Amino acid sequence: MTISYDWWLLAPVLVPAVGAVLLLVLDAIAPRLGRAHWWLATVLLLAAAATVVMRMPHGDATRQTLCVRGGSCFYALDHVGAGLQLAALVGAAVIALLAGPIRVPAERAAVQAVLLLASAAGAAGVAGARDLGSWLVLLELATIPSIALVALRGRRSATDGSLALLTTALVSFAITVMGAALWFAATGSAMIDSAAVQTAISDPDNRRVLILAIMFIVAGLAFKLSLVPFHTWTPEAFGGASVPIGGFLAVTSKVAALSALLVIFRTVPLIGSSSMVTVAVLAGLSMTVGNVMALRERQTLRFLAWSTVSQAGWVVLPLASTAGSAIRASAGYLLVYVLATIVVFAVVTALAHADGRDEATALASYGGLFRRRPLLALTLSLALLALMGLPPALVGLVAKVLAFEPVVGSSMWPLAIVAAVNAMLGVAVYLRWLRILFGARREPVHAGQVHPVHQVVLLLGLVALAVTSVAPGLLLGLVGH
């Protein structure tokens, strides 16, 4: 059997994966390098992201590799998949930059950097996987290292959070594997392609099994996306992890989960509305529960956890319809969420490093931030406005319109009404934090210096939000909008 290889197309996966191995070797040779591992990880991730840009598919074109002569290809990437790869790799690179200045034991920094690279490789690879075996392996590669990343903070809350994440990961994997097994039973093929699906749909019995398979897969991935009612691990893991790793859970792991879901949904446009009802219910519940719980939350990281739950509902909202634009709308919304959320975590990380974790993890501590730290306050405000979908952060508004469009176009009015109500409720959620920034601080603060690396990340984040708000197409164009 002859298999073709396109190494440049595989580079976004191979660079971080091989880099993780090389970092382990480097750590064995020079175990006291400490923060250098984070800087090396950043360079590797940005190099991998550059290979995505160089080989970005255009229009509806699909690039393929690992193809068997006269048969199927095990790896294929279209414009949407490449955009999600770029988001996963750049997001992980920003997390590595944020984590670099934080003082931890040298041996722990090396392990954390390796785990981050491994997880980013899985997140990048799952977007292109076209067979059940590699799809499952890469999905778990994106998930399992994050459990150790949470635990390595070394606190009781981190242990609790990692255990919650581990339990969820095991249950999620079992459900997803069951869905994959049912997929194989229905289609008679380990490949994830439209031809096998169409063959299964033509037989009534296989069609029912295939619908059941999709529902199992959606449920398994709902754990990783933090969709209600599979979300219970999220506040514990976010609250227990270090602040940058909380950002990693909120960004790169969500990109991996949606990438895996879109691989499946690309092949089932003819399956009908029966399995889409599940997605609609998950989206509506996630928006509502996430917003309501965020309104009650007083801790920053747990607030961001509930924000992730709510935003996950918006991410999958377009997938409840059968519209042709649903996949791009979902991916486009995720890109906007990734940008805004990672900027919020950059602000929280900078404040935690300068003034202490306790100062950054209480919402009340942000009182008077506009007077004390105007750069942090301005950056945070623009990111929160993007999550709200309000001007001047127009990119957030455009993303919400794109998420609404497939639902309204498919005349799913009950779901559209739920989403509209939650759009207004979401404004109240983020305005709560925004109002605190303009308020007065009750007690004096002994402010430290924001690390130069964090200042650079904040400035880049502010510029990215400002530019994409003026020209949303620069960001949304990464997935074909």
For segment 272-480, shape from the Cα gyration tensor axes a ≥ b ≥ c, cut at a/c of 1.5 then a/b versus b/c, turns out prolate
For segment 105-214, the charge dipole (Cβ of Lys, Arg +1; Cβ of Asp, Glu -1; about the Cα centre) points to a positive end, and the Cα of 138, 152, 198 closest to that extreme belongs to 152
A correct Stokes-Einstein calculation for segment 182-265, using the alpha-carbon Kirkwood radius, 10 °C and 1.306 mPa s, returns a whole-number D in µm² s⁻¹ of 111
Rg/Rh of segment 265-370 (Cα atoms, Kirkwood Rh), to two decimals, equals 1.11
In whole µm²/s, the translational diffusion coefficient that Stokes-Einstein assigns to the chain, given a Kirkwood hydrodynamic radius over C-alpha pairs, 25 °C and 0.890 mPa s, equals 110
Distribution output for segment 63-217: share of Cα-Cα pairs per 5 Å bin in percent, first bin at 0, values 2, 9, 14, 16, 17, 15, 11, 8, 5, 3, 1, 0
Rounded to the nearest Å, the spacing of the alpha-carbon centers of segment 28-60 and segment 217-262 is 23
Between the residues 24, 102, 282, the Cα farthest towards the positive end of the dipole of the chain, that dipole coming from +1 and -1 charges on the beta-carbon of Lys, Arg, Asp and Glu, is from 102
Per its Cα gyration tensor (rounded if a/c is under 1.5, else prolate when a/b beats b/c, else oblate), segment 213-256 is best filed as oblate
Over segment 1-130, the quotient of the Cα radius of gyration and 2.2 N^0.38 Å is 1.15
Place a point 7 Å from the Cα of residue 449 in the direction of its beta carbon; the residues of segment 358-394 whose amide N falls under 18 Å from it are 373-376
FRET efficiency (residue 55, residue 363; Cβ distance; R0 41 Å; to 0.05) is 0.45
Shape descriptor, segment 330-417: equivalent ellipsoid semi-axes (Cα gyration tensor, sqrt 5λ, whole Å, largest first) stand at 32, 12, 11
The answer for the per residue Cα convex hull volume of segment 84-128, in Å³, is 41
Exposure proxy check on 337, 75, 5: fewest-to-most Cβ neighbours within 10 Å is 5, 75, 337
With DSSP loop assignment and no more than 15 other C-beta atoms within 10 Å, the trypsin sites (Lys or Arg not before Pro) in segment 258-330 are 298
One quarter of the C-alpha convex hull surface, i.e. the mean projected area of segment 226-298 in nm², amounts to 5.6
For segment 272-480, the dipole about the Cα centre with charges only on Cβ (Lys and Arg +1, Asp and Glu -1), to the nearest 20 debye, works out at 380
The answer for chymotrypsin sites (Phe, Trp or Tyr not before Pro) in segment 170-204 that fall in a DSSP coil and have at most 14 neighbouring Cβ atoms within 10 Å is none
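Every read-out reported here was derived from the displayed coordinates using simple, explicitly stated rules and does not represent laboratory data. Note that the structure is predicted; figures quoted are calculated from it, not measured. For neighbour counting, all protein chains shown are included, and Cβ atoms are generated from backbone atoms with ideal geometry for every residue, glycine included.
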